[in-house]
Each structure stands twice: as structure tokens, then as C-alpha cells.
Amino acid sequence: MNIEGIGPIDPISKLTKGHKTQQTPKTGEKDSINISSDAKTMGEVYRIAEQVKAADDIRWDRVEEVKRKLQDPNYINDTVVDDLADSMMKLFDIT
């Protein structure tokens, strides 16, 4: 007596024996991209914005300079007070 199977033992092996892949012909040209001037400008604006975000909000060197000036008794005189008053009046649009 001879028993024949209905198919191969591993039916998946039939499917895995795929076709050979075909290689695309090389043209010798290299890939390249062109970036518009608008995109370059936007990139620079983004880079500068990131630098500003990373910077300190308070310029401590200027704070220390002002503290030193205010501790000097000769610094605050009528000229300084008049200049400060004038700049504040201009700031608040008071004439």
C-alpha cells in the first residue's frame, strides 16, 4: 500500500521561494535638493529664536553694574535725576 500526501509538507516554502529582486540601473547622477530663500530665512529665524529662548532673561552683569553705580554717592546727582525724569516723561508721553 502506498499513501500519497495531498501537498508538500511545508506549503509555506513554496511561497518563500520568491523571485530575485531586480536592481535598478545606476544613472551616475547624485541626489540633490534645492532650498528656497524663504526656507533659509525661516531656518535662520528659528535658529535665532532658539538662541533667544536659551539666553538668560536677566542680564546679571548689567544688574551688578547698576548696583555699583547706585552705591556710589557721587553717582546720584541732579543731572541723573533730571535725565531719569525726562526719560520717564517721554516713556509715558507726558509733556
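What follows draws every value from the coordinates through simple rules; no lab data is involved. Here the structure is a predicted model, which is why all the values come from computation and not from measurement. Don't worry about glycine lacking a Cβ; one is built from the backbone with ideal geometry, like all the others, and counts go over all protein chains shown.
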Completion exercise
Karplus-derived 3J(HN,Hα) from phi for region 50-64 (6.51 cos²θ - 1.76 cosθ + 1.60, θ = phi - 60°), whole Hz, x at Gly and Pro, runs 5, 5, 5, 4, 7, 6, 5, 6, 10, 8, 5, 5, 5, 4, 5
Completion exercise
Expected unfolding gain across Ser32-Lys90 under the 0.36 nm per residue rule, minus the alpha-carbon gap, is 15.3 nm
Practice task
Give me the net charge of Leu70's neighbourhood, meaning all other residues with Cβ under 13 Å from the Cβ of Leu70; Lys, Arg count +1, Asp, Glu -1.
Solution key: +1
Problem - Stretch gain in nm, segment Val52-Gln23, where the contour uses 0.36 nm per residue and the Cα spacing is subtracted - result: 5.5 nm
